[in-house]
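One structure is given here, and the rest of the page talks about it.
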Amino acid sequence: MEIFLQSLLNNRHKYQKELQQAISSFLYRKDRYSNEFSIVLIYIKNNQYNYEFEKIVRQTDKYIYFSSDLHCIILDETSSKSYIKAAENIQYSLQKLQRNIFYTATVSSEYHFLDAANMLSTLLDILIYAIRNNLSNIVVDSTILENYNHL
């Protein structure tokens with residue numbers, strides 16, 4: 001896991017750049033039509049999933065393959081009330097296929113307005129925090145960082 005964490009830190013800028021490009025149409029719809037979206041980033045410790053992600057996401061969502069153990073899903077039309085539940089449903093669907101260890105981070109566009117750079121940076125911070133603190137098989141959002149910063 002340390003190797004993955006170091007790789008994540010070393011490739012942080014690359015991932016943020018790829019995500020920035022991937023969310024451009026979602027940002028447009030948010031700005032123009034107030035359509036909220038969220039992003040789920042999943043590290044799978046023992047990845048044995050091939051095409052399962054594409055089967056469990058909706059047609060309006062966008063799946064991004066970063067590596068065999070790092071996956072991202074942009075969830076269209078998810079509000080601040082439903083984005084955590086949506087991420088939990090994805091993790092549950094994968095867990096039904098095969099028991100595994102997941103580190104799952106999620107953010108909602110509703111909390112980040114149009115600041116995509118901050119949104120993506122926060123997403124990666126959450127995943128790093130979850131891995132370092134062994135918060136496996138639960139969905140972690142930005143409230144964990146807010147609570148951590150107050151300690």
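Per-structure values
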{"item": "LEU9 being within 16 Å of the chain's Cα centre (by Cα) and modelled with pLDDT of 90 or more", "result": "yes"}
{"item": "Selected residue (only one of GLU88, GLU2 is over 12 Å from the mean Cα position of the chain (by Cα) and among the charged types (D, E, K, R))", "result": "GLU2"}
{"item": "Residue that is in a strand (DSSP E or B) and at pLDDT below 95, where the choices are PHE113, PHE66", "result": "PHE66"}
{"item": "Residue, surrounded by the most Cβ atoms within 10 Å (Cβ to Cβ), within segment 1-53, restricted to residues that are out of contact with any Ser or Thr (no Cβ under 6 Å at 6 or more places or on another chain), outside any loop (DSSP other than H, G, I, E, B) and of a type in the set (S, T, N, Q)", "result": "GLN16"}
{"item": "Residues satisfying the stated conditions in segment 97-110, i.e. modelled with pLDDT of 85 or more and farther than 26 Å from LYS17 by Cβ", "result": "ASN100, ILE101"}
{"item": "Residues of segment 78-96 satisfying the condition of being surrounded by 16 or more Cβ atoms within 10 Å (Cβ to Cβ) and assigned to a loop (DSSP other than H, G, I, E, B)", "result": "THR78"}
{"item": "Some residue of segment 97-110 being without any contact (Cβ under 8 Å) to a residue 40 or more places away in the chain, outside any strand (DSSP E or B), buried (at least 18 other Cβ atoms within 10 Å of the Cβ) and hydroxyl-bearing (Ser, Thr, Tyr)", "result": "no"}
{"item": "Residue within segment 116-132 that is closer than 24 Å to GLU54 by Cβ, of a type in the set (Ser, Thr, Tyr), in contact (Cβ under 8 Å) with a residue 12 or more places away in the chain and in a helix (DSSP H, G or I) present", "result": "no"}
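The values are calculated or read from the model by the stated rules, or taken from the named source; none is laboratory data. Remember, predicted model here, so these are calculated numbers, not experimental data. Cβ sites come from the backbone with ideal geometry, for glycine too, and all protein chains shown count toward neighbours.
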